[in-house]
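**Q** Here it is, the structure, as structure tokens.
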Amino acid sequence: MWHCLGPVNSPRAGPGLTRSSRLPTVAPMLRLSVLLLFSLGLAGCFHVQLNGGIAAAEVTVASLERPQEIIARLYSHDPETMVAWKGQAAWDALSASHKALWMGVVFLPAEQLREQDLYLVSARGGDSYDSDMDLVMAEAPVRIRGEWHAIVPGYKFGELRNSVSLLTEACYQWLMFEHDDKLPGRAQILAELDGLAVRMVDDINGDGAVDYSDVLIWNIYSDARHYRGEAEDLQELAMLISLGFPREFIVQASRRIVAMAALPEPPEPRLLGYLRKRLWN
Ligand SMILES: [Ca+2]
């Protein structure tokens, strides 16, 4: 039976600090099942997630240059669509953890997209069945009120697993803030996204380099420990999006996720509090 492990200390984590490794994390076998789930040979498989997967979220794809022109609009899987797709018996036969992992999965179409272009994938609303990330579906889901984003290069829609996550939202909001909502050209955007990735995550896909591909593939269930910042900051952004806070709060929390991850070493707890306060104001 799959189960959650307790907190695992990261080598970067100091005493009294809440590093991302202290998010609920999953056993190695479960990590394998996350990888398998998103590697079923189904290209364009994205996981829409905040703290855990978000079911029945409205997911739109638009050109990054013209975000108001929606190219595709879909909804992430919820229990109802899973039963309609797999059948009641097959759904009932799934373990609790596999049911939870299917929440938030969405297959985005690659046919209408150009590999060399950049796209904005936006997720809105939906239901959180596993906000405590214990991989047990809650009886009554929590309704999500806000929206979050991922900048996705066109060729990524042909890959097997990527996410619209807290980290993709942090990157999107960082870039939008830095450029006063007027994003530069494709090459500069990609270079800046790669630069943010180096600050924020490890080489998650194991290709020997850290770049934006590692942010896109980051899954809060299986890769929480690969975010270099504080679990507290991720959870704060998840809470603000869930409650539908105004964008200025989302921007502040996103910038803190990037900035705190960039610290070379965990600071003293008192300094950490000071930094948070400065970054907040
Ligand atoms: Ca990599």
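**Q** If amide hydrogens are placed 1.01 Å from N in the peptide plane, which non-local residues have theirs closer than 5 Å to the one on A72?
**A** Result for A72 returns V61.
**Q** Apply the Karplus parameterisation 6.51 cos²θ - 1.76 cosθ + 1.60, with θ equal to phi minus 60°, to every residue of segment 67-75 and state each ³J(HN,Hα) to the nearest whole Hz, in sequence, with x for glycine and proline.
**A** x, 6, 8, 7, 8, 8, 9, 9, 10
**Q** A follow-up question, please. In µm²/s, what is D for segment 59-192 at 10 °C and 1.306 mPa s, where D = kT/(6 pi eta Rh) by Stokes-Einstein and Rh is the Kirkwood radius from Cα pairs?
**A** Values: Rh = 16.3 Å.
For the chosen part, D equals 97 µm²/s.
**Q** How charged is the neighbourhood of Q173? Take every other residue with its Cβ under 9 Å from the Cβ of Q173, and add Lys/Arg as +1 and Asp/Glu as -1.
**A** +1
**Q** Run the quick spin-label model on L190 and Y155: label points 7 Å from Cα toward the beta carbon, then report their separation in nm to one decimal.
**A** 0.7
**Q** Starting from the coordinates of the alpha-carbon atoms of segment 17-280, obtain the Kirkwood hydrodynamic radius over all distinct pairs and give the value in Å to one decimal.
**A** One decimal place: 18.5 Å for the Kirkwood radius.
**Q** Could I ask something else about it? Tell me, what ³J(HN,Hα) does each residue in segment 166-175 have, in order and in whole Hz, if you take phi through Karplus 6.51 cos²θ - 1.76 cosθ + 1.60 with θ = phi - 60° and put x for Gly and Pro?
**A** Rounded to whole hertz, the list is 4, 6, 5, 5, 4, 5, 4, 5, 4, 5.
**Q** Please compute the net charge surrounding N51, taking Lys and Arg as +1 and Asp and Glu as -1 over other residues with Cβ under 9 Å from its Cβ.
**A** -2
**Q** Mind listing the phi-derived Karplus ³J(HN,Hα) values for segment 127-136, rounded to whole Hz, using 6.51, -1.76 and 1.60 with θ = phi - 60°, and x for any glycine or proline?
**A** With the stated coefficients, segment 127-136 comes to 10, 9, 9, 8, 5, 8, 6, 9, 6, 10 Hz.
**Q** Take the alpha carbon atoms of segment 177-196, find their center, do the same for segment 235-249, and report the distance between the two centers in whole angstrom.
**A** After rounding, the separation between the Cα centres reads 23 Å.
**Q** Still on this model: How high is the relative contact order of segment 17-280? Use alpha-carbon pairs under 8 Å, at least six apart in sequence, and give a whole percent.
**A** Numbers: 525 pairs, mean separation 62.5, N = 264.
Relative contact order, segment 17-280: 24 percent.
**Q** Follow-up question, since we're still on this one. Find out how many positive minus negative residues lie around I204, taking Lys and Arg as positive, Asp and Glu as negative, among other residues whose Cβ is under 9 Å from that of I204.
**A** Spelling it out: positives minus negatives among the neighbours equals -4.
**Q** Can you classify segment 138-281 as rounded, prolate or oblate using the Cα gyration tensor, where a ≥ b ≥ c are the square roots of its eigenvalues, rounded means a/c under 1.5, and otherwise it's prolate if a/b beats b/c and oblate if not?
**A** rounded
Read-outs throughout are calculated quantities, based only on the coordinates presented, and are distinct from any laboratory measurement. Computed from a prediction, not measured in an experiment: that's the story for all the values here. Here the Cβ is made from the backbone with ideal geometry for all residues, glycine too, and neighbour counts use every protein chain on show.
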